[in-house]
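These notes concern the structure reproduced below.
The values are calculated or read from the model by the stated rules, or taken from the named source; none is laboratory data. Here the structure is a predicted model, which is why all the values come from computation and not from measurement. Don't worry about glycine lacking a Cβ; one is built from the backbone with ideal geometry, like all the others, and counts go over all protein chains shown. Note: areas computed on protein heavy atoms with side chains; ligands, DNA, RNA excluded. Shrake-Rupley method; radii C 1.70, N 1.55, O 1.52, S 1.80 Å.
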Amino acid sequence: MASNTYSSGAAPTVVYFKSTVDDESFLYHVNLFLIALFGVVVLFRLPRFTARLWKVSEWTNGHLLHHTNLRRSATRRVEFNSQAGSRHRDLATDDSHWSTVQRVSEKGAAPSFPPHVSSCPRFCRGLFQLLQTRFNPGMSLLQVMVIVIYLSVVIYPSFYKTNPFTDPKRYGWIGVTQFPFVFAFAMKNNVLALFLGTAYEKLHFLHRVIGRVIVLSINVHGLGYIYQWTLEGVFVEKMASPSNYWGLIALICADMLFFFSTSWWRTKAYQLFLCTHIFSIALILPATVMHKSTTTPYVLTAVGLYVFDIFMRWIKTRLTTAIIRPLPELGMTRVEIPSINAGWRAGQHVRLRVLSSGMGLLGWSEVHPFTIASIVKGEEGMILMCKKAGDWTNKLFDLAKLGGYEDGSEARQVKVMVDGPYGGPGHRMFASFSAAVFIAGGSGISFALSAVQDLIQKDLEGGSRVKVIQLVWSVQDPASLVPMLPLLTSLVQQSVFTPIRIAIFYTRAPIGKFPFSDDFFRSTALTLSPGRPKVSKILEACISKAVTLGSGAKDNEAITGMIVGVCGPVGLADSVVAEVGKVDPTRRDQVGGIEVHEETFGW
Ligand SMILES: Cc1cc2nc3c(=O)[nH]c(=O)nc-3n(C[C@H](O)[C@H](O)[C@H](O)COP(=O)(O)OP(=O)(O)OC[C@H]3O[C@@H](n4cnc5c(N)ncnc54)[C@H](O)[C@@H]3O)c2cc1C
């Protein structure tokens, strides 16, 4: 054990803790253990991984955006017309057209449904549901459990035959050996997420936890030495050594990373958070090697991952022209990119950069993520719906307005860089479930639109098990529905084999004249109601429809569960997860289990 011995008038003598453990080798084996744990989780995900192999397109889509020539198909082009909105009368009554049509695929082949692999065996469903319970907003018990397991592993080397107050060396190694992990969990082109069959942003919580472990370890390491050298009166002398001042630079970088990564900076000044992140990373890596050359393998692994990510982003970036239109009722800008019409999966997002002086002096340098709101091979190409949320999105809206589209002029064209696609449902195949419910709040409709259109498209091709589709959209103002009406009614009309219900809820009393006539919503397929959606009732109605036997081809198939996709603010996702947790276990088992897919616009 170390101790400081003081005698009057003499400098204190510091007795160091002498560890008998080879720190470098010890931490290397701790890392191997962490990798083995990760491997075990991947093994559990293997059945879903293999199920996705049923169709080549399930694997080839979702990596590279491109343009493909379209064959004329039965899919109707939905003319986007903000003015037509409330006069749109295609769906004035309930027409049960889906019950009268027979599926004939283009090649006359029989339907081929995707295999379904449940996320957990039946006997685990209760436990799995419990693990989805929220611990904090946006954080589930399952995530907390993963964090606890990770921390337990790294706490072991923090105290095994060492002392944090007198053996700072061990903590330096703990910090550095976590570099590859913190980079691996941050990458957009994320190999770990690919193995796990999830979206990269779903792993960001681990990036944050590992980052904090690194910052804490580096501080214990650096401050430990500074404390000892100060006691011994040799601080200035020690800092003259290059390896030590590089160590100090690495310590400052780690603290800067931590400070500017707090949620306050991320929400108030995202670009500052981003710039300080890039600057600190660019400095901390060489500083670590200059501080101690034996850390090179860890630093090089981190650099390799980072370079791979940058390279993939470059490969995935397309420079093209977009048509932008303002949607004042929704407070959104609609970005249409006709030159990109394939290469993504429903639910994925892209990162958009607008190269126009109208975006301000530095606007061109900002990249913002937006979920793709259209299906592949649609006639309009890729569609993004960008809600006014801050400086950049406001400028985009103003730029779109400058085009004079609202006054009847042509919409404005701008040069854009589109990087993606990223994220998405991973190994989950929405078309393999028996029922699909999508709950969207505000601009979250982009995710729901692409998912529903994709299901309808797959259904027309005989590749979807889904027997009932429900879309719920919460907006503040009923007028928000006006520009979306042509698209929503066309969804109902296109879904000839699978009943689709679209329920829109508005939470604010309309300002001025109500935008729709009294008899407008006579169809039960598309409804508009005041208040908030009763999620439990909606879920129960969908379960009932899914388990009711009909006479279609899908009714001969086993019931394969219900997917609930939720997209919008964190609070909405949390409340939907809570409602799903309240579903009666018997009903849950009757429908084959309920899974929630969350898309929240932030990290
Ligand atoms: C995966 C993902 C998908 C998204 N899809 C959509 C969508 O389909 N439609 C839509 O309207 N919005 C979507 N968003 C949100 C959208 O990216 C932000 O609203 C937008 O970036 C805000 O930029 P701003 O400068 O106008 O606002 P700011 O005032 O700078 O920021 C407003 C909020 O957006 C966050 N934000 C800002 N810049 C970024 C960035 N580059 N990356 C991530 N978050 C950022 C900030 O943390 C803050 O919480 C999505 C976000 C994510 C993470």
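Work out how much length ARG122 to LEU32 would gain on full extension: take 0.36 nm times their residue separation and subtract the Cα-Cα distance, in nm to one decimal. Present the calculation step by step, with values, prior to reporting the outcome.
Numbers: separation 90, 0.36 × 90 = 32.40 nm, distance 3.25 nm.
Residue separation times 0.36 nm, minus the Cα-Cα distance, leaves 29.1 nm.
Distance between the pseudo-spin-label points of SER517 and LEU402 (7 Å out from Cα toward the beta carbon): 4.1 nm.
Projecting the Cα atoms of THR600, GLN590, PHE397 onto the charge dipole of the chain, computed from C-beta unit charges around the Cα centre, puts GLN590 farthest toward the positive end.
For the chain, the longest principal axis of the C-alpha atoms and the axis of helix 141-159 are separated by about 10°. For the stretch 557-593, there are no residues whose amide N sits under 14 Å from a probe point set 7 Å from the Cα of SER112 along the beta carbon direction.
For the stretch 248-387, lysine pairs with C-alpha atoms less than 25 angstrom apart, excluding pairs fewer than eight positions apart on the same chain, total 4. By a 1.4 Å probe calculation restricted to protein chains, LEU300 has an accessible surface near 110 Å², given to the nearest 10. Relative to the longest principal axis of the chain, what angle (0 to 90°, nearest 10) does the C-alpha long axis of helix 242-260 take? Compared with the principal axis, the helix lies near 30 degrees. For a paramagnetic label modelled on THR301 (point 7 Å from Cα along Cα→Cβ), amide N atoms under 18 Å away belong, within the stretch 215-256, to 215, 217-218. The modelled label-to-label distance between ARG208 and PHE308, using points 7 Å beyond Cα along the C-beta direction, is 2.5 nm. Split the accessible area of the stretch 254-397 by element, probe 1.4 Å, and carbon with sulfur accounts for 70%. When you restrict to C-alpha pairs under 8 Å that are six or more residues apart and normalise by the size of the chain, the relative contact order lands at 18 percent. Among beta bridges identified by DSSP and lying wholly in the chain, the antiparallel ones come to about 55 percent.
Hey, what D do you get for the stretch 291-364 in µm²/s if you plug the Kirkwood alpha-carbon radius into Stokes-Einstein at 4 °C and 1.567 mPa s?
In µm²/s, the coefficient is 80.
Against the chain, whose longest principal axis is taken from its Cα atoms, helix 535-547 shows a tilt of about 60°. Normalising the Debye intensity of the stretch 247-385 to I(0), with uniform scatterers on Cα atoms only, and taking log10 at q = 0.09, 0.10, 0.14, 0.19 Å⁻¹ returns -0.42, -0.51, -0.86, -1.19. Maximal additional length on extending the LYS534-ASP555 stretch stands at 4.8 nm, based on 0.36 nm per residue less the C-alpha distance. No disulfide-compatible partner, judged by a Cβ distance under 4.7 Å, exists for the following cysteines of the chain: CYS253, CYS275, CYS386, CYS542, CYS567. Per residue, the accessible area of the chain comes to 47 Å², computed with a 1.4 Å probe over protein heavy atoms only. Altogether, the Stokes-Einstein calculation at 37 °C and 0.692 mPa s, with the Kirkwood radius of the chain over Cα pairs as Rh, returns a diffusion coefficient of 123 µm²/s.
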